[in-house]
Amino acid sequence: MDFLLVESPNLVAASILLGIVAGLAYTFLIPLVTQAIEFRNTSGLNPVNENDVVIFDYEVNKPKYALTFFSLCVFILIARTASMVLLQKVANSATKRLRISIYSRITQLPIQDLERIGSSRLYATIVNDVPFLVSGASALPGILIGVSTIFGMLGFLVYLNFDVFVFIIFTIIFGIVTYRIPLFFGNRHFQQVRNRFDNIQAGIQGLVSGAKELKLNQTKKSEFLHDALIEHEESYRKHSDKGALLVIGAMSYGNLIAFFAIGISTFILSNRYAIAPETLVSIVMAMLYITGPLGAIIMSISPIVRGNIALKNLNKILDEMPIETKGERATTSDFDEIKLRNIELSYHNNAFALGPVDLTLRRGEINFIVGGNGSGKSTLAKILTLHYVPNKGQVTFGDEVVTDENRDYYRQHISAIYSDYHLFPKLYDVSQHDLDNKVPEYLNKLKLSDKVSIEDAGFSTLSLSDGQKRRLALLVMYLEKRDVYLFDEWAADQDPEFRAVFYEQILPELKAAGKFVLVISHDDRYFNYADNIIHMADGKPQTNKPDERVSHASEDKQATLA
């Protein structure tokens, strides 16, 4: 409940106070009813004789008691409604704040850690753990309200018969202790359910992302469905069934505790302590009344249990999410060279290692990064774009060494289209002048003006081919007006005509504009447009100057590393 208090301590306090007052008001209803009932020929509680009142031909017995009773009912209705509405308001605000804080943490998470954690775990945390956590926290004030009602009724039992009160107390304690046993084992099963949920999310992601590949191989599809989804779904079901059996059984047992006490009081204690019939009726009514808040408390246990599991998962994933140092402006923003000196990077639990890498990139040059799969091209690109932090070595922009403090500043000089790029439907950080003038110009240049238009500072559609989407991503790069441009296999999805436009027109234009141009490519027929070719093999680079007259000669020429 702490994060509810942080969200709005005053509203939470008001909600709890109103709930407790409503709970205490509940406790006056039973004594009021028992006082209003006349027991003839007994020495029990008898109210003062009153004149009856007739309303709409209906005779109202004990009008003062009736007025007090219905006034209490209206007060309880208003107080409990206000309590629940206030608490729900706080819970909704807390949910929003908690999710936004997670969104913010994700934006501050280093890319290496983001890739390690994976989108499926983050998605499960946001859509699964946060609601369970809020639901569990929201149940706690309700428990306090129920407890206040129970204490009020226990006070009434003390007034009626102290011996029965002592018995009820021991019954409640015994019930709570025995109730916790199946609940403990049920919680363990629900923790396994939560773990399986992460696996299922990852499987669904693979099912959607790999749909085309699975359709081409029936055996692969069957084995994938079994290993990544069906097996985890079966485990999810088994643990859910076992957890539900234990928790529901515990809840059903808890709901009957008060009735066990009623039975023992009625059939055994009434004789042992010679309890008068009218007193026994009051005792039974009080214990029946206790069953309501007691049942509410028991029903709150399940969301609290799941909330605790969600809190553990949330804390666990937050512990795995380091925060990048907040960027600050570098001492200089002018740089004509980007240097990598003695760069090394290795992954935990991964045999692949990059480096050592020593490279110098110059403004106004086109650099091709080539090599086979797994050679380190993408890793090198992410170091150059300052997403990966090397284990050793230095990256310098001009004379400025990139550090944790200025890394974010230098990122703002970089634009990139990665192989797994994401195209946002809206254009951000674009002036109205560029929207009105530059965007139509670029759409024509990229041959997209008949496919896409700009509406409300966003693209009218993203229902385009992969190649056309990459052209839109290039349009965004143009609008960002950065110093460093990275293209990761950008031309792979283009038709031959536009592939030629990319290498023969777009790249030379960026070079002429004095940009740093980095291109991951396998198009060896266009290698002659590069000023430098960085050939990656086993995580190590070799650079060369391509022969401008022969487009395929570059891979045969090796030069000394810069």
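The values are calculated or read from the model by the stated rules, or taken from the named source; none is laboratory data. What you are looking at is a predicted structure, and each value in this text was computed from that prediction instead of being measured. Neighbour counts run over all protein chains shown; Cβ positions are idealised from the backbone, glycine included.
Which residue out of ASN406, ASN373 is of a type outside the set (Ser, Thr, Tyr), out of contact with any strand residue (DSSP E or B) (no Cβ under 9 Å at 6 or more places or on another chain) and over 15 Å from VAL519 (Cα atoms)? Every option except ASN373 fails the conditions. Note on the stretch 326-350: residues that are farther than 22 Å from VAL484 by Cα, at pLDDT below 80 and polar (S, T, N, Q) amount to 2.
Does TYR428 count as part of a helix (DSSP H, G or I), out of contact with any Cys (no Cβ under 7 Å at 6 or more places or on another chain) and hydroxyl-bearing (Ser, Thr, Tyr)? So TYR428 does not fit the description; no.
Residues of the stretch 270-292 include none that is in contact with a strand residue (DSSP E or B) (Cβ under 8 Å, 6 or more places away or on another chain) and outside any helix (DSSP H, G or I).
Here are LYS220, LYS215: which of them is charged (D, E, K, R) and touching an Asp or Glu at 6+ places or on another chain (Cβ under 8 Å)? Matching residue, one of LYS220, LYS215: LYS220. For PHE197, the test of being assigned to a helix (DSSP H, G or I) and at pLDDT 85 or above is failed. When the stretch 428-457 is filtered for residues that are over 27 Å from GLU504 (Cβ atoms) and free of Cβ contacts under 8 Å to residues at least 40 places away in the same chain, the ones remaining, listed by number, are TYR428, SER431, GLN432, HIS433, LEU435, ASP436, SER453, ILE454, GLU455, ASP456, ALA457. Taking the criterion of being more than 29 Å from the chain's Cα centre (by Cα) and either surrounded by 16 or more Cβ atoms within 10 Å (Cβ to Cβ) or of a type in the set (Gly, Ala, Ser) (or both), the residues of the stretch 415-433 that qualify are VAL430, SER431. Only one entry in SER148, SER104 is at negative phi and modelled with pLDDT under 85, namely SER148. Residues being modelled with pLDDT of 85 or more, assigned to a helix (DSSP H, G or I) and polar (S, T, N, Q) are represented in the stretch 491-506 by at least one member.
Would you say ALA296 is in a helix (DSSP H, G or I) and among the aliphatic types (A, V, I, L, M)? When the stated conditions are applied, ALA296 passes them. Among the residues of the stretch 524-532, none qualifies, meaning not one is out of contact with any Pro (no Cβ under 9 Å at 6 or more places or on another chain), buried (at least 16 other Cβ atoms within 10 Å of the Cβ), at pLDDT 90 or above and among the charged types (D, E, K, R). The residue that is nearest to ASP336 (Cα to Cα), counting only those in the stretch 404-420 that are outside any loop (DSSP other than H, G, I, E, B) and hydroxyl-bearing (Ser, Thr, Tyr), is TYR410. The single residue among LEU140, LEU183, LEU109 that is within 30 Å of LEU318 (Cα to Cα), under 16 Å from the mean Cα position of the chain (by Cα) and assigned by TED's automatic domain parsing to the domain that holds SER270 turns out to be LEU109.
Yes/no per residue for (1) among the acidic types (Asp, Glu); (2) within 20 Å of SER346 (Cβ to Cβ):
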site: GLY376; (1), (2): no, yes
site: LEU380; (1), (2): no, yes
site: ILE383; (1), (2): no, yes
site: TYR388; (1), (2): no, yes
site: PHE397; (1), (2): no, no
site: ASP404; (1), (2): yes, yes
site: TYR410; (1), (2): no, no
site: HIS413; (1), (2): no, no
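Results for (1) of a type outside the set (D, E, K, R); (2) assigned to a strand (DSSP E or B); (3) without any contact (Cβ under 8 Å) to a residue 12 or more places away in the chain; (4) assigned by TED's automatic domain parsing to the domain that holds PRO110, shown as yes or no for each residue.
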| residue | (1), (2), (3), (4) |
| --- | --- |
| LEU345 | yes, yes, no, no |
| GLY355 | yes, yes, no, no |
| ASN373 | yes, no, yes, no |
| THR379 | yes, no, no, no |
| PRO390 | yes, no, no, no |
